[in-house]
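Please treat every number below as a calculation from the coordinates, not as lab data. This is a predicted model, so every value here is computed, not measured. Heads up, the Cβs are rebuilt from the backbone with ideal geometry, glycines too, and the neighbour counts pull from every protein chain shown.
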Amino acid sequence: MSIGMQLRKVYSFLRDTRRTVNAVRNAKEMAKAPSYYPELQQKSFRQKEKENIIWAGKYGEVNDYYTLYGFDIVGLRNQEEYIDFYSFMTSRNRVNRLGQVISYNILLRDKLLFYKHMKSNDLPVADVFAVITNGVLSDLSLNPVPWETIIHEQDYFIKVIDGQCASFVKHIGRFSDLERWKPLILGGGQSYILQRRIIQDDRMGVINPNALNTLRIVTVNKDGNPYVLSSVLRVGTSKTENVDNWSAGGLAIGIKENGFLKKYGFYNPAYGIKAEAHPDTKIVFSEFRIPMYKEALELACKAHRCFCGIRAIGWDIAISDSGLVFVEGNDNFGICVHQACDRPLRKEWAEACN
């Protein structure tokens, strides 16, 4: 073994050891986290503390979703059935070829490329009509155009071209709104797309009219045959304004095979616990049925066939007044909301990655 390989092994060992030590140190705090199921019998504090320390020692990470998964409740969950975040992340990146010389991930991460690729394959996608690069407004062929060409455009969004988790999403009602954001756009050194607003189907607006509510559908392409691994509905609230992201305070809700929602909607641990009804519209989740749900699952699998170099994709699909529309696709999607809202996925994910 070369000296370089030996040094890399030592560095890897020290890194993993430090990560585990820090995780064990912080694991005790998770035992104090609020329960998502306060109505059920909770384990003792010592038991919760012990389980969090064991998890940290075993996986080298704090289990931020200990209470979200219901591990703090007596007899409710089997922790061995749930995949830890680090194992999921590393395996997801491996099968999706993240960091390799030849990678198709750019087709998902670059919103302009994603739009063009979807259009070329005749797949319904949110309409992009302009791009801003280095402070210059351009058409879709990246030819510079005067700002006056979009002065009459209304009701659209400006997004960072490679943004994630709604990192920069601003609604533009009219040109004066865009003018307000111009100093940041022109001086930020980033590229942006201008994307027309999707008009939500009235049936989806009932549950939350303040934001575009989207399906997050995870598909896996196994041996050329894409299939749905899991799906959830994400809905915004008055606090999230015009986005539905779980990381921004939205709700994630599991979906039954017949399209009806499951009983609970779950918040990100930073924003709350669970709810049986939407906090603003008071719609009871278990009584709400998603229109075109089966068609959305089929469409996600159809789209995945156009991204043959990516094993697993998390799709964001909206139900518009004209049908199903793709908002974006993600190679770096998360698994925690699916395990919380749908079911544990350790075994199924291992089979997907095999």
### Loop trypsin sites (Lys or Arg not before Pro), region 196-286, which have at most 15 other Cβ atoms in a 10 Å radius of their Cβ (DSSP)
Lys239, Lys256, Lys282
### Message
If I build a Gaussian network model for the chain, linking alpha-carbon pairs within less than 10 angstrom, which residue out of Arg180, Arg77, Arg311 has the largest mean-square fluctuation?
### Response
Arg180
### Task
Please give the contour-minus-distance gain from Asp127 to Arg343: 0.36 nm per residue of separation, less the Cα-Cα distance, rounded to one decimal in nm.
74.4 nm
### Task
Would you mind telling me which residue in Gly60, Gly329, Gly250 has the biggest mean-square fluctuation in a Gaussian network model of the chain, where springs connect alpha carbons within a distance under 10 angstrom?
Gly60
### Query
Over 28 Å between Cα atoms, which of Lys159/Lys262; Lys58/Lys239; Lys262/Lys302; Lys239/Lys347 qualify?
Lys159/Lys262; Lys58/Lys239; Lys239/Lys347
### Query
Between Leu142 and Val284, what is the spin-label point distance in nm, taking each point 7 Å from the Cα along the Cα→C-beta axis?
5.5
#### Entry: Centre separation in Å (Cα based) which lies between region 125-148 and region 177-201
11
### Task
Sort out for me the Cα centre separation of region 305-322 from region 329-350, rounded to whole Å.
16
### Task
Please say if region 62-203 is rounded, prolate or oblate, where rounded means a/c under 1.5 for a ≥ b ≥ c the square roots of the C-alpha gyration tensor eigenvalues, and otherwise the choice is prolate for a/b larger than b/c and oblate otherwise?
prolate
### Using a Förster distance of 45 Å, the FRET efficiency for Phe260-Leu186 (Cβ separation, nearest 0.05)
0.40
